[in-house]
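Just below is one structure, and these are the notes that go with it.
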Number of protein chains: 2
Amino acid sequence: MSQKPKSFIEVDSENHFPIQNLPYGVFRTVKNPKPRVGVAIGDFVLDLSEVERRRMLSGCDLPQSPVFDKSALNTFMKLGRPVWRKVRRRLQELLSAENPELRDSDGLKTECLIPMAETVMLLPVEIGDYTDFYSSKEHATNVGIMFRGKDNALMPNWLHLPVAYHGRAGSVVVSGTDIRRPKGQTRPDDSRPPRFGPSRLMDFELELGFFIGPGSEPGEPVPVDRADEHIFGMVLVNDWSARDIQKWEYQPLGPFLAKNFATSISPWIVTLEALEPFRVPAVAQDPEPMPYLSRPDDWTYDIQLQVSMQGANMVREKIICRSNFRYLYWTINQQLAHHTVSGCNMRTGDMLASGTISGPTEDSYGSLLELTWRGSKPIQLAEGEERKFIADYDRITMRGWCEGDGYRVGFGEVTGKILPAE
Amino acid sequence: MSQKPKSFIEVDSENHFPIQNLPYGVFRTVKNPKPRVGVAIGDFVLDLSEVERRRMLSGCDLPQSPVFDKSALNTFMKLGRPVWRKVRRRLQELLSAENPELRDSDGLKTECLIPMAETVMLLPVEIGDYTDFYSSKEHATNVGIMFRGKDNALMPNWLHLPVAYHGRAGSVVVSGTDIRRPKGQTRPDDSRPPRFGPSRLMDFELELGFFIGPGSEPGEPVPVDRADEHIFGMVLVNDWSARDIQKWEYQPLGPFLAKNFATSISPWIVTLEALEPFRVPAVAQDPEPMPYLSRPDDWTYDIQLQVSMQGANMVREKIICRSNFRYLYWTINQQLAHHTVSGCNMRTGDMLASGTISGPTEDSYGSLLELTWRGSKPIQLAEGEERKFIADYDRITMRGWCEGDGYRVGFGEVTGKILPAE
């Protein structure tokens, strides 16, 4: 049995950020408010702008001009997998328990390693376009049953292509941002005129999203078996949804105001390199997908997911959903191949999210809409409280991680609190 | 009768770019390939980076750092209407027939005035998000009749709110860009499986779009009576659409690949200042819109619109549609007020398009879908050709202008040719 890689920084087995992970984020500190790139290691952030400035990344084929002294990861993301791999290897080397370079230099450690508690995490990417898929068969089926009945639950196209729509990139916010309850038109009673006011059916959607590294040209589809070359890494996504606004507005062009007030993402981008050991075979597909979506050896990732809720009067959060990324029907490779097959180009920083990740059991549904079955089965929280949908001051927190042998490769969390409408 | 303003540059009465217009664009030349901002004046482009560098815009409250020596208009657009008005007044002064400053300096003219024929126009804006409305009642009704029958033509929400969806910002291209015919899944026969291949039902959509100048904060809706403070100006938009891909994919989340391969815009942004003389009362609305959309004195603009088509074998283009921006049911102020009422923020450079602008008569329909009534009434072109939808190598050109007294305030054109699928 080979020795597990180990850092000189203590990282316990449940921490999301061991040396096997090294996710990228953008942060600032009170002492130095300039946004810059770092990687998470245990309870620390390694300041890559500092590491780069000190020429400790030579040999990684980075360009001359700074890549990490930036307010977004786009410059690094554009460089592609061969460079990403070299930087990852070098960072693992730098942080290794065996390597004295950083370990034995108190000066360097003070300059480069910042306690996570002293950092403020920022949106890690300048997001070009944001696309949201609808790739969980369980979710699409549940929603279909609720709105169209059991016999027409899945639309005829659903098993043939990964359904998706364009979301709003400009309202993607980083974890920790409070969200104002949206106002809008709703029509709770079809026999009466629509009304205006704060959404009464606020919901979350548990999702994961991936970011495009090197882009693609207009008219040049990305083949499914080369899709991963364009994918930098993944984050947790909470696609906040106002169900009552959605119901009234979405015909015939899809969700708009019901979704565009905010989408929250976790601050650390976990790379595909870090996820590699957690590959599992993709879900079997029937009917066989068309050739442009077909990849016999396609994979997905075993990523455990959890959603918790905490009301203003609750002493601690309660877990209300346990799901897994591997439940998804369409893979990230298929999603990207489909997205570009029309000739649609990709730009570095584009974000593609999975859609709600629901599993087969009732406690694995990734939205309150499903968990409470449209409000008909309220969930019980602590302190005698129950919820059909999100109440003001409720906090929703999503977490995700891959379980290794004695370590975790985790995403940290995406959290947000709903504030009352103004 | 007051004297019409006149430039020392000759501009005939049908030219789109007299001194009354002064639209903004981004261009480069072979001699100087650096993208920079200019305004159109007759057959010339006034190079604003040069004008600014020579300090000929002092007194306009521009910041110290360059605003026009940029590859996009965003920096200028962010400054807001008071500055835009000052710059406009100063440029009208500089270009005036009465003013010797530029008129009598051959040196300055050579440096600052570039023949339009020597310029290459670029995408004028770094577009954040692109939203597409659906604001023509005639268009929504026509499409509704074709797909759902006469009795359910308009969806119940349509008269209550300006329906819209998120488009793809990253595939917006400037006029003149050729467009590769998209491939994708279609299902022409519901009794057989879907198939894959080039779209057979390629269409255009005649639209106008507007750009956001100063943005707005999350959770802070833009009131309808202050919406125009956020609007910089407008362009022509061709929202290319693959009708067969759309029909198969769009349920339940809206159009995706059918639209995201390309959207073309005209290169010159016509400002609201230039459009002011062409304000006309907005269309009467019934039912009365909700208070957040209500503006008793709301206006729109009298902008004549034209679409022409030219096949590979045709000696000249043929006009196939004549419409007008004033036909739209929902105004740009209502669109922006609705878009932000959920708390959705706006960023400088966001683009909001009108949706297909169809008028009341059959020759005013803004798409082939409507003009040929789903292909059932092919349109007759020259040289004995006819079309149901767009054929390979067809060129579609859209033009728009306001007709003044002896002059035009025009948008120029947005043109694009469909290339065969690869």
Charge-dipole axis of the protein assembly as shown as Lys and Arg at +1 and Asp and Glu at -1 on Cβ define it, positive-most pick from B:GLN92, B:SER199, A:ASN157:
B:GLN92
On a 1.4 Å probe surface of the protein chains, which of A:TYR393, B:TYR134 comes out largest in accessible area, and what is the full order?
A:TYR393, B:TYR134
Could you rank A:ARG55, A:ARG81 by how accessible they are, 1.4 Å probe, largest area first?
A:ARG55, A:ARG81
Give me the accessible area per residue for chain B, probe 1.4 Å, as a whole number in Å².
39 Å²
Translational diffusion coefficient, Stokes-Einstein: compute it for the protein assembly as shown using the Kirkwood radius over C-alpha pairs as Rh, at 25 °C and 0.890 mPa s, and state it as an integer in µm² s⁻¹.
87 µm²/s
Taking 1 over the mean of 1/r across every pair of different Cα atoms in region B:24-122, what Kirkwood radius in Å do you get?
13.7 Å
Summing -39500 (n - 2.57) over every DSSP H run of at least 4 in chain A, dividing by its residue total and rounding to the nearest 500, the 222 nm mean residue ellipticity is -4500 deg cm²/dmol
How far, in nm to one decimal, is B:ASP61 from itself in the other copies if the label point is set 7 angstrom along Cα toward Cβ? Shortest first, please.
5.2
Please average, across the residues of A:243-252, the number of beta carbons from any other chain that are within 10 Å of each residue's own beta carbon, and give a whole number.
5
Could you give the dipole magnitude of region A:126-208 about its Cα centre, charging the beta-carbon of Lys and Arg +1 and that of Asp and Glu -1, in debye to the nearest 20?
500 debye
Sticking with the crude label model, points 7 Å out along Cα→Cβ, report the distance from B:VAL120 to B:ARG200 in nm, one decimal please.
3.8 nm
Select from B:SER323, B:SER136, B:SER65 the residue whose mean-square fluctuation is largest in a Gaussian network model of chain B (Cα-Cα springs shorter than 10 Å).
B:SER65
Pseudo-label separations to other copies for A:ASP302 - Cα-to-Cβ vector, 7 Å, nm
7.2
For region B:324-330, what does the Karplus curve 6.51 cos²θ - 1.76 cosθ + 1.60, with θ = phi - 60°, yield as ³J(HN,Hα) per residue in whole Hz, taken in order and with x for Gly and Pro?
8, 4, 5, 5, 4, 7, 9
Which order do A:LYS417, A:LYS4, A:LYS78 take by accessible area at a 1.4 Å probe, largest first?
A:LYS78, A:LYS4, A:LYS417
In degrees from 0 to 90, rounded to the nearest 10, what is the angle of the helix B:137-148 Cα long axis to the longest principal axis of chain B?
20 degrees
Taking the Cα centre of the protein assembly as shown as the origin and placing charges on Cβ (Lys, Arg +1; Asp, Glu -1), which of A:LEU123, B:MET290, B:ALA421 is farthest toward the positive end of the dipole?
A:LEU123
Need the C-alpha centroid separation for region A:166-181 versus region A:47-87, integer Å.
28 Å
Relative to the first principal axis of the alpha-carbon coordinates of chain A, what is the inclination of helix A:332-341, with its axis defined by its Cα atoms, in degrees from 0 to 90 and to the nearest 10?
70 degrees
For peptide A:179-186, what's the mean number of Cβ atoms from other chains within 10 Å of each residue's Cβ?
5
For region B:110-241, what % of the accessible area comes from carbon and sulfur atoms, probe 1.4 Å?
49 percent
Straight distance only, please: which lysines reach the Cα of B:LYS31 with their own Cα at less than 18 Å, same-chain residues fewer than 8 apart left out?
B:LYS70, B:LYS109
Positive end of the dipole of region A:266-422, charges at C-beta (+1 Lys, Arg; -1 Asp, Glu), about the Cα centre: which of A:PRO281, A:SER266, A:GLY311 has its Cα farthest in that direction?
A:GLY311
So what are the ³J(HN,Hα) numbers for region B:284-293, from phi and the Karplus equation (6.51, -1.76, 1.60; θ = phi - 60°), rounded to whole Hz, Gly and Pro as x?
5, 10, 9, x, 3, x, 4, x, 5, 10
Net charge of Cβ neighbours under 10 Å - reference B:ASP239; Lys, Arg +1; Asp, Glu -1
-3
For B:ASP363 and B:LYS377 in the same chain, what is the full-extension length gain: residue separation times 0.36 nm, less their Cα-Cα distance, in nm?
3.8 nm
Within 10 Å of each Cβ in B:158-164, how many Cβ atoms from other chains are there, averaged over the peptide?
5
Evaluate E = 1/(1 + (r/R0)^6) for B:LYS6 and B:GLN251, where r is the Cβ-Cβ distance and R0 equals 51 Å; express this FRET efficiency to the nearest 0.05.
0.35
Max mean-square fluctuation residue, GNM over chain A, Cα-Cα springs under 10 Å, options A:PRO277, A:PRO35, A:PRO82
A:PRO82
Filter A:LYS6/A:LYS78; A:LYS34/A:LYS318; B:LYS6/B:LYS86; A:LYS4/A:LYS318 down to the pairs with a C-alpha to C-alpha distance above 26 Å, please.
A:LYS6/A:LYS78; A:LYS34/A:LYS318; A:LYS4/A:LYS318
Whole-Å distance, taken between Cα centres, linking region B:327-373 and region B:217-283:
6 Å
Rounded to the nearest 100 Å², what is the buried accessible area between B and A, both sides summed, probe 1.4 Å?
5100 Å²
List the residue from chain B whose beta-carbon is nearest to the axis that rotates chain B onto chain A, together with that distance in whole Å.
B:GLY254, 1
What size of dipole, in debye to the nearest 20, comes out for the protein assembly as shown about its Cα centre when the only charges are +1 on Lys and Arg C-beta atoms and -1 on Asp and Glu C-beta atoms?
120 debye
In degrees, nearest ten, helix A:81-95 long axis to first principal axis of chain A (Cα)
60 degrees
Distances in nm between the label point of A:GLU118 (7 Å along Cα→Cβ) and its equivalents in the other copies, shortest first, are 5.7
The simple spin-label model distance between A:MET290 and B:GLU403, using points 7 Å out along Cα→Cβ, in nm, is 4.6 nm
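The values are calculated or read from the model by the stated rules, or taken from the named source; none is laboratory data. Worth saying up front: this structure is predicted, and the values here are computed from it rather than measured. Heads up, the Cβs are rebuilt from the backbone with ideal geometry, glycines too, and the neighbour counts pull from every protein chain shown. Each accessible area value is taken on the protein alone, full model and side chains, heavy atoms only, with ligands, DNA and RNA left out. Shrake-Rupley method; radii C 1.70, N 1.55, O 1.52, S 1.80 Å.
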